[in-house]
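Okay, structure first, notes after.
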Amino acid sequence: MTRHQQIALRIDGLRMRYGTAEILTDVTFQMRHGEITALLGPNGAGKTTTIEVLEGFRQPSGGQIEVLGTDPAQGGSQWRARVGVVLQSWRDHARWRVRELLAHQGRYYTRYATDLIERPWDVDDLLEVVGLTDHADQQVRLLSGGQRRRLDVAIGVVGRPELLFLDEPTAGFDPEARREFHDLVLRLAAEGDTTVLLTTHDLNEAEKLADRILILDRGRIVADGTPSELARQIVGDDLVRWTHNGQRYVRSTTDSTSFIFQLFQQYGDAITDLEIQRSSLEDTYLHLVRQAEAGAGTTTSPELGEVA
Amino acid sequence: MPGSTRTLRTGVARGLVELRQGFTGVELAGQLLWPMVTLAALFLVRNRSAGDSDVSLGGWALPSALGMFVTFGMLLMVQHLSAEREDGTLLRAKATPHGIQGYFIGKLVTVSGTILVYLLILLLPGLFLVDGVVVGSIGGWATLLWVLALGLIATQSIGVVIGSLLPSPRAAGYLALPVLGLVGISGIFYPITALADWVQWIAQVFPMYWLGLGMRSAFLPNDAVSVEIGASWRHLETGAVLGAWALLGLIVAPVVLRRMARRESGSRVAARREKLLQRVG
């Protein structure tokens, strides 16, 4: 599949500033077609701002952005039809019935059907996929939180988007609902051959869903790769502990193997109680989160309040 | 089918769905309240006469009230807009191709439809409850049509402008006060000629007075004109003032609307939700 070699999204040097507060300093990354990418970061890192720029809802202060070959700020209806946005519903369309609302949203996409992509998604099929068949004739306001979120996803994909954005899709979910939601996203991505960008502050979620993880911290991408690549790329220092002449030593080092080799060369078997603690991706990420929390308030803008 | 026709159809379908929702179940009771209260008021004054004319005050005020209800389209539009901006309906429309157009076509259909239903609820029983209202003349129906069309365009486009500028649905609630004040000075329930000159001048700036006048000219016998300003139905002036408001609305509304839609984003909706929940909780 050559399409998978193509770039779906490219941002280069994205900056975002509100007054004197700089939310995004330099965000640069690319996504290929068919990839599921997670934008991971602590609260206040700039995830929502980044995804809103890509969705075309926010004008960046600087940088080159291309989503499906178009600058989102200039994206017309043609472009909009190829991009899906999963919004977190609150109480909009409360009195609409589930099927009625999905069918209505689908109508806007009819004219964008192509030989390759049938648009919109058949409403009954889609209800089946998101597990809302039994609630098709129910009013939206009577749905449970989890059902409502699945309807949000259905609305986001009813036009069979080539690229789908999900911002903190499982915030406030219990573990059960979270697992169901993960399965749904994976199924959608496989079935629709859809490129997905989601934001999350949960490392486990990112590892489970994403082919690739980008870690955003204080307005910059600080790590980029598959979960296993990341573990190698951003490993912090390993911790080496040993005892020599009854004295306990601790040393942190980036290259524990050569450090220990030198240690043995120097002291031979006088070294005892040797311990190596490798830093995991989780440790590194938690370290980032703690740093962000310690500095909270300095990176969030007053105008936006809580922006992830 | 050309794209614009599709959008138009989708928007009209949207409007009809929401119109139906507005008149089913518990919503219905709320919708009927104000027309019913108005009818009751007209019934109570059916035996008094309007100013020095031979027309009963009830008969005189029925068409005036029709004009008043057309003006309420402005309030309805403001309420819908500010509420649906807060709850994210508008953002959803923005995330959909041609969604904003569809949304507004739908809104015009819903609000116009609601107003027309109000007018029927007032007019049909009203004809039996009060004397003096004349229906059936071709000229009367023609007047009704153009006054109604201009009135719906003027009041709803102004509603779009105000609804786009207001910061919250709370602010939209306060807007009802000046509009009720306007009812008081626009000669809806009593001839305007009974009021001081300067009050008459203020009332004549706004569409409500002219909508009432236009409706009276369509539904009342000719001799009822004696209690109007200058003893004239002033069709030319009515068309000019309503037309000017409509034109102003049609020019300004798309600009304000585009600016408002451009600013919508998920974090804005989330921030408003947060704010509201804090207020409630």
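We did not get these values from a lab; they are worked out from the coordinates using the rules stated. Everything numeric here is computed off the predicted structure, so don't read it as measured data. For neighbour counting, all protein chains shown are included, and Cβ atoms are generated from backbone atoms with ideal geometry for every residue, glycine included.
Shape analysis of the range B:153-278 places it in the prolate category; the axes a ≥ b ≥ c from the Cα gyration tensor give an a/c of at least 1.5, with a/b above b/c.
What is the extension gain from A:Arg141 to A:Arg32, computed as 0.36 nm multiplied by their sequence separation minus the C-alpha to C-alpha distance, in nm to one decimal? Don't skip to the end; give the middle numbers.
Details: separation 109, 0.36 × 109 = 39.24 nm, distance 3.74 nm.
Net length gain for the segment: 35.5 nm.
Taking amide hydrogens as placed 1.01 Å from N in the peptide plane, the amide H of A:Ile23 sits under 5 Å from those of A:Met16, A:Arg17, A:Tyr18, each at least 5 positions away in sequence or on another chain.
Restricting the count to DSSP beta bridges whose residues both fall in chain A, what percent are antiparallel, rounded to a multiple of 5?
On the way: 32 of 51 bridges.
If we restrict to bridges inside chain A, about 65 percent are antiparallel.
Each 20 Å bin from zero up to the one holding the largest Cα-Cα distance in the protein assembly as shown carries the following percent of pairs: 18, 40, 25, 12, 3, 1, 0. Coupling constants for the range A:75-85 follow from the phi torsions by the Karplus curve (6.51 cos²θ - 1.76 cosθ + 1.60, θ = phi - 60°), and in residue order they are x, x, 5, 4, 5, 4, 5, 9, 10, x, 10 Hz; glycine and proline get x.
Straight-distance candidates among the lysines for linking to A:Lys47, with alpha-carbon spacing under 28 Å and chain neighbours fewer than 8 residues away dropped: A:Lys208, B:Lys94, B:Lys275. I need the shape label for the range A:237-278. Rule: rounded when a/c is under 1.5, else prolate if a/b > b/c, else oblate, with a, b, c from the alpha carbon gyration tensor. Because a/c hits 1.5 or more and a/b fails to exceed b/c, the range A:237-278 counts as oblate. Working note: Karplus 6.51/-1.76/1.60 with θ = phi - 60° gives the range B:60-73 the couplings 5, 7, 4, x, 4, 5, 4, x, 4, 5, 4, 4, 5, x Hz, where Gly and Pro are set to x.
Report the FRET efficiency, 1/(1 + (r/R0)^6), for A:Ser61 and B:Asp131, where r is their Cβ-Cβ distance and R0 is 56 Å, rounded to 0.05. Walk me through the numbers before you get to the answer.
On the way: r = 69 Å, r/R0 = 1.23.
Taking R0 as 56 Å, the efficiency between A:Ser61 and B:Asp131 is 0.25.
Take every pair of alpha-carbon atoms less than 8 Å apart whose residues are at least six positions apart; their mean separation over the length of the range A:2-231 yields a relative contact order of 29 percent. By the Stokes-Einstein formula, at 1.567 mPa s and 4 °C, the range A:2-231 with its Kirkwood radius over alpha-carbon pairs has D equal to 72 µm²/s. Computed log10 I(q)/I(0) for chain B at 0.16 Å⁻¹: -1.25, from the Debye equation with unit scatterers placed on every C-alpha and solvent omitted.
Would you mind giving the mean number of other chain beta-carbons within 10 Å of the Cβ of each residue in B:82-93, as a whole number?
Details: counts 0, 2, 2, 0, 3, 6, 7, 6, 1, 6, 10, 3.
That works out to 4 on average.
How well do other chains shield peptide A:107-113, expressed as the mean number of their Cβ atoms within 10 Å of each residue Cβ? Neighbouring Cβ atoms belonging to other protein chains average 5 per residue here.
Derived scalar couplings between HN and Hα for the range A:240-257 equal 10, 10, 7, 10, 9, 6, x, 9, 8, 10, 10, 9, 9, 8, 7, 10, 5, 4 Hz in order, rounded to whole Hz, by the Karplus curve 6.51 cos²θ - 1.76 cosθ + 1.60 (θ = phi - 60°), x for Gly and Pro. Projected over all directions and averaged, the alpha-carbon convex hull of the range B:36-82 occupies 3.7 nm².
Counting Cβ atoms of other protein chains within 10 Å of each Cβ in A:80-89 and taking the mean gives 4.
Of the peptides A:241-251, B:203-213, B:183-193, how do they stack up when ordered by the mean number of other Cβ atoms within 10 Å, highest first?
Working: A:241-251: 11.6, B:203-213: 24.0, B:183-193: 20.8.
So the peptides A:241-251, B:203-213, B:183-193, ranked by packing, come out B:203-213, B:183-193, A:241-251.
Gap in Å between the Cα centre of the range A:82-153 and the Cα centre of the range A:15-30? Measuring centre to centre over Cα atoms gives 34 Å.
Of the beta bridges in the protein assembly as shown, as assigned by DSSP with both residues counted there, near 65 percent are antiparallel. Distant-in-sequence amide contacts of A:Val85, defined by a placed amide H-H separation under 5 Å and a gap of 5 or more residues or a different chain, comprise A:Phe165. Between A:Ile260, A:Leu188, B:Ser56, the Cα set farthest toward the positive side of the dipole of the protein assembly as shown (charges on each charged residue's Cβ, about the Cα centre) is that of B:Ser56.
Taking amide H atoms as placed 1.01 Å from N in the peptide plane, the amide H of A:Ile215 lies under 5 Å from those of A:Leu40, A:Val222, A:Ala223, A:Asp224, each 5 or more residues away in sequence or on another chain.
The packing ranking of peptides B:162-170, B:91-99, highest mean first, is B:91-99, B:162-170, where packing means the average number of other beta carbon atoms within 10 angstrom of each residue.
Peptides A:159-166, B:46-53, A:24-31, A:95-102 ordered by packing proxy, namely the average of other Cβ atoms within 10 Å per residue, highest first: A:159-166, A:95-102, A:24-31, B:46-53.
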